[in-house]
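One structure below.
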């Protein structure tokens, strides 16, 4: 079974703070390859919790970035299901523009190599594992950087 964490950058003024509306919005965005190509959508298959663990290593580093390590993956507030929501709708989070900027700053400031030195052995410290997490870091850095530059919020959905 595949499970994904899907990210979508969007102008805050375009968002309806309603679970049913956001679930439909994210569902439409999920299969829109143009959004991925434009850098306003991103997803991580299965390993997003481990990516969060990688970023959590910043908490032990003496850098300015350590404070915001939790924003790229789990940052934002949960969007509660409304009474009429479909129970199969995905869990959703909304990270407002200020949080998106903080996440972008964290990803720009933190050194992947320093993070990997802390947690690499736990992930197997294999060349392919390092490369996979490096790509996640780079992709999220680009995604959040572009979203922050545009002043966008980020909606997150978990799809199974």
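By the gyration tensor of its Cα atoms, with a ≥ b ≥ c the square roots of the eigenvalues, what is the shape of region 82-160: rounded for a/c under 1.5, prolate for a/b over b/c, or oblate? Here region 82-160 falls in the oblate category. Angle, helix 97-109 long axis vs. longest principal axis of the chain, Cα atoms, 0 to 90°, nearest 10? On a 0 to 90 degree scale, this one is about 20. Semi-axes of the equivalent ellipsoid for the chain, computed as √(5λ) from the eigenvalues of its C-alpha gyration tensor and ordered from largest down, come to 27, 17, 14 Å. With the helix formula -39500 (n - 2.57) applied to DSSP H stretches of n ≥ 4, the chain reaches a computed 222 nm mean residue ellipticity of -14500 deg cm²/dmol.
Rule-based calculations on the coordinates, nothing more; no lab input. This one's a predicted model, so the numbers in the text were calculated from it and none came from an experiment.
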